[in-house]
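Let me begin by presenting the structure, written as structure tokens, before commenting on it.
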């Protein structure tokens, strides 16, 4: 999610915002790395396996477009960056909806899971349609993304606190969402880029890179935990 900037940047090899490009590549590369690690560490029949695989691909796509946009700012690259950033935020909320609401008693509730996917997918397409064909409103886009992120953060923190006794690894999820939210305050900064390269937006991108590691560590731990529960539930049936 990018905020319109009027500061001049030092171009290197034609790249308009070098720091943002480098940090976007770091994010995308980490998601790709953990996508592969997840596939090698977690059994394919584990609950949430397909969901997290799809989530990683959505994140990789979003960071690819962030890289493209910060390399060259055109109308179409800007649109793709914004739309894909929203897809990433909504994907984070959707995965938590499926994990918490759709999973019950060692199995998934298909109806609730499909409802979650349908509702959030519809919201995404309505949002994109409005921005693409009605009015591209920067303020509206920012409010929507911040609101979705806030809901997801509060929900994950409360759910994590409630379950941390039985699932001690959930602290990683809490640290990730709280860290991301706190670091988002950097986006409010309005200062000349340091060395005409590092602005508030790029610093936010860079500062959130390590949180990707915490998040995927939580994802793998939680998926394996659900995998064990699934077998325990089958034995009792």
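For segment 87-112, name all the residues that are more than 16 Å from residue 173 (Cα to Cα) and in contact (Cβ under 8 Å) with a residue 60 or more places away in the chain.
Answer for segment 87-112, where residues must be more than 16 Å from residue 173 (Cα to Cα) and in contact (Cβ under 8 Å) with a residue 60 or more places away in the chain: 103, 105, 106, 107, 108.
Any idea which residue in segment 28-68 is farthest from the chain's Cα centre (by Cα), counting only those that are in a helix (DSSP H, G or I), more than 17 Å from residue 95 (Cβ to Cβ) and without any contact (Cβ under 8 Å) to a residue 12 or more places away in the chain?
Of everything passing the filter in segment 28-68, 40 is farthest from the chain's Cα centre (by Cα).
Do we have residue 77 as modelled with pLDDT of 95 or more, closer than 23 Å to residue 139 by Cα and surrounded by fewer than 19 Cβ atoms within 10 Å (Cβ to Cβ) here?
Judged against the criteria, residue 77 is a match.
Tell me yes or no: at least one residue of segment 133-140 is crowded, with 19+ Cβ neighbours inside 10 Å, under 25 Å from residue 181 (Cα atoms) and touching a residue at least 40 places away in the same chain (Cβ under 8 Å).
No; the residues of segment 133-140 include none that is crowded, with 19+ Cβ neighbours inside 10 Å, under 25 Å from residue 181 (Cα atoms) and touching a residue at least 40 places away in the same chain (Cβ under 8 Å).
Of everything in segment 69-83, what is in contact (Cβ under 8 Å) with a residue 24 or more places away in the chain and in a helix (DSSP H, G or I)? Give them in sequence order.
The initial filter retains those residues of segment 69-83 that are in contact (Cβ under 8 Å) with a residue 24 or more places away in the chain, namely 69-73, 78-79, 81-83.
Scanning segment 69-83 gives 69, 70, 71, 78, 79, 81, 82, 83.
Which one of these is within 15 Å of the chain's Cα centre (by Cα), at pLDDT below 95 and assigned to a helix (DSSP H, G or I): 205, 201?
So the residue among 205, 201 that is within 15 Å of the chain's Cα centre (by Cα), at pLDDT below 95 and assigned to a helix (DSSP H, G or I) is 205.
This table checks each residue for (1) within 19 Å of residue 91 (Cβ to Cβ); (2) touching a helix residue (DSSP H, G or I) at 6+ places or on another chain (Cβ under 8 Å).
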| position | (1), (2) |
| --- | --- |
| 118 | yes, no |
| 131 | yes, yes |
| 136 | no, yes |
| 142 | yes, no |
| 153 | yes, yes |
| 181 | yes, yes |
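Can you tell me which residue among 85, 62, 4, 19 is touching a helix residue (DSSP H, G or I) at 6+ places or on another chain (Cβ under 8 Å), surrounded by 18 or more Cβ atoms within 10 Å (Cβ to Cβ) and modelled with pLDDT under 95?
Working: 85 fails: modelled with pLDDT under 95; 62 fails: modelled with pLDDT under 95; 4 fails: surrounded by 18 or more Cβ atoms within 10 Å (Cβ to Cβ).
Only one candidate qualifies: 19.
The values are calculated or read from the model by the stated rules, or taken from the named source; none is laboratory data. Owing to the predicted nature of the structure, the values given are computational and were not obtained by experimental measurement. Glycine also receives a Cβ, built like all others from the backbone with ideal geometry; neighbour counts cover every protein chain displayed.
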